[in-house]
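S.K.: Okay, here's the structure, questions in a sec.
The values are calculated or read from the model by the stated rules, or taken from the named source; none is laboratory data. Source: prediction; values computed, not measured. Quick reminder, even Gly has a Cβ in these numbers, built from the backbone with ideal geometry, and neighbours come from all protein chains shown. Keep in mind that these areas ignore ligands, DNA and RNA; they rest on the heavy atoms of the full protein, side chains included. Shrake-Rupley method; radii C 1.70, N 1.55, O 1.52, S 1.80 Å.
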Amino acid sequence: MNITFILLGIIGVVYGTLLVGIEFRKWRARIHCRVPVDAVFEKTVTKKMGDRVRTYALFSYHYQEKKFRQCTMERITRKEKKSLEKGKIYTIRINEENPKKLCYLRKNFQMEDLLTFILGMAFWLSGIFYLIGEFVFFK
């Protein structure tokens with residue numbers, strides 16, 4: 001048994017599971033944003049995460065007689081950033097169980113989700129094949 005292949009297999013399975021799990025969680029959160037609400041766009045918010053810079057839209061809106069001021073769950077593109085006008089009313093979708101969760105009007109499923117899922121499955125499958133190969137075929 002080669003310990004390197006066993007470690008590669010374990011790392012592949014763990015990393016693949018994390019990628020698929022994280023993407024599934026994001027997709028599930030977007031699906032629960034079903035209630036359309038009129039919201040006023042205030043500004044874009046830039047958050048630095050390590051060496052990456054992510055841009056989100058900040059909206060204020062009312063839901064069930066409460067006022068909310070929240071950023072979108074998903075980041076916005078440069079094109080979307082340019083098209084948003086301060087003070088203009090946009091229709092967003094919120095999660096009725098947790099009105100602080102909001103989505104800028106977009107499809108529930110995005111190409112980024114598919115690519116991350118495929119990458120996660122590739123890591124997961126390669127990890128499984130490393131482990132199966134090490135324990136079954138190379139005795």
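S.K.: Local charge sum around F24 (other residues, Cβ-Cβ under 12 Å, Lys/Arg +1, Asp/Glu -1)?
M.R.: Numbers: positive: R25, K26, R28, R30; negative: E23, D113.
The answer is +2.
S.K.: Sorted from largest to smallest, which semi-axis lengths in Å does the alpha carbon gyration tensor of the range 18-59 give for its equivalent ellipsoid, taking the root of 5 times each eigenvalue?
M.R.: Working: eigenvalues 100, 84, 3 Å².
Ellipsoid half-lengths, sorted descending, are 22, 21, 4 Å.
S.K.: Order these peptides, 89-98, 64-73, by their mean beta-carbon neighbour count within 10 angstrom, highest first.
M.R.: 89-98, 64-73
S.K.: If you don't mind, there's one more thing I want to ask. In degrees, nearest 10, range 0 to 90: what is the angle between the Cα axis of helix 3-31 and the longest Cα principal axis of the chain?
M.R.: It works out to around 20 degrees.
S.K.: Could you grab the relative contact order for the chain? Cα pairs under 8 Å, six or more apart, rounded to a whole percent. Please report the intermediate quantities before stating the final value.
M.R.: Values: 219 pairs, mean separation 53.2, N = 139.
Relative contact order here is 38 percent.
S.K.: Relative contact order for the range 20-86 using alpha-carbon pairs under 8 Å, separation at least 6, rounded to a whole percent? Show your work: numbers first, answer last.
M.R.: On the way: 78 pairs, mean separation 17.4, N = 67.
Contact order relative to length: 26 percent.
S.K.: Here is a follow-up. Pop out the carbon and sulfur fraction of the accessible area of the range 1-60 as a percent, whole number, probe 1.4 Å.
M.R.: On the way: 2500 of 3900 Å².
Answer for the range 1-60 is 64 percent, counting heavy atoms of protein chains only.
S.K.: So what are the radius of gyration and Dmax for the Cα set of the chain, in Å?
M.R.: 20.4, 68
S.K.: Next question, about the same structure. Rounded to the nearest 10 Å², what accessible area does H32 show when all protein chains are kept and the probe is 1.4 Å?
M.R.: Spelled out: H32, probe radius 1.4 Å, area about 70 Å².
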